[in-house]
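Before any comments, here is the structure.
The values are calculated or read from the model by the stated rules, or taken from the named source; none is laboratory data. Keep in mind it's a predicted model, so treat the numbers as computed, not measured. Virtual Cβ from ideal backbone geometry, glycine too; neighbours counted across all protein chains shown. We work out accessible area using only protein heavy atoms, side chains counted, and drop any ligands, DNA or RNA first. Shrake-Rupley method; radii C 1.70, N 1.55, O 1.52, S 1.80 Å.
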Amino acid sequence: MSQKFDVVVIGAGPGGYVAAIKAAQLGLSTACIEKYTDKEGKLALGGTCLNVGCIPSKALLDSSWKYHEAKDAFAIHGITTGDVNMDVPAMVGRKANIVKNLTSGVATLFKANGVTSLQGHGKLLAGKRVELTKPDGSVEIIEAENVILASGSRPIDIPPAPVDNNVIVDSTGALEFQTVPKRLGVIGAGVIGLELGSVWSRLGAQVTVLEALDTFLMAADTAVSKEAYKTLTKQGLDIKLGARVTGSKVNGDEVVVTYTDANGEQTITFDKLIVAVGRRPVTTELLAADSGVTIDERGFVFVDDHCATSVPGVYAIGDVVRGMMLAHKASEEGIMVVERIKGHKTEMNYDLIPSVIYTHPEIAWVGKTEQALKAEGVEVNVGTFPFAASGRAMAANDTGGFVKVIADAKTDRVLGVHVIGPSAAELVQQGAIGMEFGTSAEDLGMMVFSHPTLSEALHEAALAVNGGAIHVANRKKR
Ligand code: FAD
Ligand code: AMP
């Protein structure tokens, strides 16, 4: 007799594992299918995010930043360090331990919540049945009242630079270098390219980023992207905009990359090349021909605003569906779907998904940019506050960047918070909380903020929206 569950989730990334835990918490019998195994061949839950994405990249970003500080930034505090060295395998090993802790933590959470963890490849058949192909090749058919597809995404590969996992790597390979490459090329100045480029640049690599577009960080507010370009360039990242990679040739331990820019065809040689040109949804062997689930023209599983597919009782969440490819977006979709299965009317606010780039300074925003709002014909008031005027930032010797708050000129409702600077990710979250509750700039300005904190920069930027900042000259007069 085949097993039967209220909910079967395919994929145990931040979309799938969160959905599975929530479903079990709500009293639904739940199984989660995952096939990913670690280097030791053991089932590793947590998906891209925990294994080869958010967490390992942040581990390397933190280690490399500490190295940079010890080497170049401690002296100002009066600290003498002598020679500072980086043991790259130790750094990469620390990252691996963090990953192991977290992925085994998901297995523990599954046990604690009563989620049945099934190892193997899941494929949706007609009639909400799921075919599970186990590691030994045997096949089991599982029946489900509801199926949640959470198969995630994988790096896009481009014909001009095929990944060989030696000289040319994708984001996963770039988390595993055992030595610092002397000349490192990065194709794509997106979030992943900038974060990984920063890691190896801080450790001494000479990093060149080749970006096909003429505009840097197009999704960010222009004031932020300009500041980011200036700062990252100053840190040593050579970011070439309008540079489209057209070919590459690996010669032994190096690769000669060809790209075209405004001056025609160029070549440049690297010791390692990271291809970071985006990610695409994983739907390989996910759907039987008669499953009834449709794929949109860009290859994503087609879903409505509530993540329902074209088949009743089958849902899809996270990177495999439209929208931002972010772990927190995937998780919240998982929760929304499960609560709706239970009959709740849960909605997800897609307008308030924060974006973060974990460079230094961090870059983060929530809501709309000034340019987007103006294009929509919305009149806005803008308040900014530079960290150069923040006592807390000065104490930390971390004064680059600013907070920018954008409010509707008529209603004063906050429509966007954009931060480049220390702890930008945490500050933007405060903006997001306020915006979820419909805060006005005046509301934020009236709140009491602890002193001295970086958060005061958000307070002052909110005050500046209506010309009331205290610690910086106001552009707008009351
Ligand atoms: P995934 O995490 O991709 O998980 C899908 C899982 O499904 C995988 O484990 C896969 O093995 C499994 N699977 C697929 N098909 C099947 C099948 N048929 N049967 C069984 N199992 C299957 N996002 C952030 O929000 N913040 C960050 O800082 C951040 N940093 C990142 C850094 C890097 C280097 C990368 C690559 C990504 C980063 N992301 C970040 C993006 C984030 O990792 C993804 O948005 C997130 O993991 C998507 O979650 P998901 O559950 O949809 O899919
Ligand atoms: P993201 O999608 O945010 O990860 O960013 C990927 C970036 O890679 C985008 O900004 C693309 O413009 C860029 N890109 C894609 N293909 C190429 C290419 N052949 N050469 C240079 N940049 C590219």
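What number, in percent, do you get for the relative contact order of segment 115-180 if the mean sequence gap of Cα pairs under 8 Å and at least 6 apart is divided by its residue count?
16 percent
Just from its helices, what would the mean residue ellipticity at 222 nm be for the chain, if runs of 4 or more DSSP H residues each count -39500 (n - 2.57) and the sum is divided by every residue, rounded to the nearest 500 deg cm²/dmol?
Roughly -9000 deg cm²/dmol at 222 nm, from the helical runs in the chain.
Tell me the carbon and sulfur percent of the accessible area for segment 192-308, rounded to whole percent, probe radius 1.4 Å.
The value for segment 192-308 is 48 percent carbon and sulfur by accessible area.
When the solvent-accessible surface of protein heavy atoms is calculated with a 1.4 angstrom probe, in what order do M324, M447, M336 fall, highest first?
Heavy-atom accessible area, descending, gives M447, M324, M336.
In segment 1-93, which GluC sites (Glu not before Pro) fall in coil by DSSP and have 11 or fewer other Cβ atoms within 10 Å?
E40
Could you pull out every residue, at least 5 positions away or on a different chain, whose amide H is within less than 5 Å of the one on G247? Hs are placed 1.01 Å off N in the peptide plane, and Pro or chain starts have none.
For G247, whose amide H was placed from the backbone, the distant partners under 5 Å are T258.
With a 1.4 Å probe and all protein chains kept in place, how much accessible area does W65 have, in Å² rounded to the nearest 10?
60 Å²
Within segment 343-363, which residues have the backbone N less than 12 Å from the label spot 7 Å out from L213 along Cα→beta-carbon, could you tell me?
Under 12 Å, as judged by backbone N against the label point of L213, lies no residue of segment 343-363.
Using a 1.4 angstrom probe on the protein heavy atoms only, could you order C307, C54 from most to least accessible area? Let's see the in-between values first.
Working: C307 0, C54 45 Å².
In descending accessible area the options line up as C54, C307.
What is the distance, in nm, between label points placed 7 Å from the Cα along the Cα-to-Cβ direction at N397 and at H328?
3.0 nm
Please calculate how many Å² of accessible area segment 236-383 carries per residue, with a 1.4 Å probe and no DNA, RNA or ligand atoms counted.
Details: 6840 Å² over 148 residues.
The answer is 46 Å² per residue.
In the chain, if the dipole is taken from +1 on Lys/Arg beta carbons and -1 on Asp/Glu beta carbons about the Cα centre, which of L286, G323, L132 is farthest to the positive end?
Projecting each Cα onto the dipole axis, the largest value belongs to G323.
Quick one: of K71/K404; K182/K249; K58/K226, which pairs are farther than 21 Å apart, Cα to Cα? Intermediate values should be presented prior to the final figure.
Details: K71/K404 32 Å; K182/K249 18 Å; K58/K226 24 Å.
Checking Cα-Cα distances, K71/K404; K58/K226 exceed 21 Å.
Work out the length of the dipole vector of the chain about its Cα centre, built from +1 on the beta-carbon of each Lys and Arg and -1 on the beta-carbon of each Asp and Glu, and round it to the nearest 20 debye.
400 debye
Report, in debye and to the nearest 20, how large the dipole of segment 198-322 comes out about its Cα centre when Lys and Arg carry +1 and Asp and Glu carry -1 on their Cβ.
440 debye
What does the extension gain come out to for T80 and S450, with contour length at 0.36 nm per residue minus their alpha carbon separation? Walk me through the intermediate numbers first.
Working: separation 370, 0.36 × 370 = 133.20 nm, distance 3.23 nm.
In short, 130.0 nm is gained.
How large a share of the accessible area of segment 422-478, in percent, is made up of carbon and sulfur atoms when the probe is 1.4 Å and the other protein chains stay in place?
C and S fraction of accessible area: 57 percent.
Lys and Arg at +1, Asp and Glu at -1: add these up for the other residues within a Cβ distance under 9 Å of G13 and post the number.
-2
Choose one of A308, P159, S63: the residue whose Cα lies farthest towards the positive end of the charge dipole of the chain (beta-carbon charges +1 Lys, Arg; -1 Asp, Glu; about the Cα centre).
After comparing all options, I get S63.
What net charge is computed for the residues neighbouring E460, neighbours being all others with C-beta under 12 Å from the C-beta of E460, Lys and Arg scored +1, Asp and Glu -1? Kindly include the intermediate steps, with their values, before the conclusion.
On the way: positive: R392, K404; negative: E456.
Local charge sum for E460: +1.
How far apart, in nm, are the 7 Å Cα→Cβ label points at D290 and A375?
Once both label points are built, they end up 4.6 nm from each other.
With θ set to phi - 60° and the Karplus curve 6.51 cos²θ - 1.76 cosθ + 1.60, what are the ³J(HN,Hα) couplings of segment 341-355 in order, to the nearest whole Hz, using x for Gly and Pro?
Per-residue couplings from phi come out as 4, 7, x, 6, 9, 4, 10, 10, 8, 5, 6, 10, 9, x, 10 Hz.
Please tell me the relative contact order of the chain in percent, rounded to the nearest whole number, where contacts are Cα pairs under 8 Å and at least six residues apart. It would help to have the intermediate numbers written out before the result.
Working: 1039 pairs, mean separation 63.5, N = 478.
Relative CO of the chain lands at 13 percent.
Shape of the chain from its Cα gyration tensor (a ≥ b ≥ c, root eigenvalues): rounded if a/c is under 1.5, otherwise prolate when a/b > b/c, or oblate?
Here the chain falls in the oblate category.
Tell me, what ³J(HN,Hα) does each residue in segment 74-90 have, in order and in whole Hz, if you take phi through Karplus 6.51 cos²θ - 1.76 cosθ + 1.60 with θ = phi - 60° and put x for Gly and Pro?
6, 4, 5, 8, x, 8, 9, 10, x, 5, 10, 10, 10, 8, 4, x, 5
Toward the positive end of the charge dipole of segment 17-90, about the Cα centre and with charges on Cβ (Lys, Arg +1; Asp, Glu -1), which of F74, A20, L50 goes farthest?
Result: A20.
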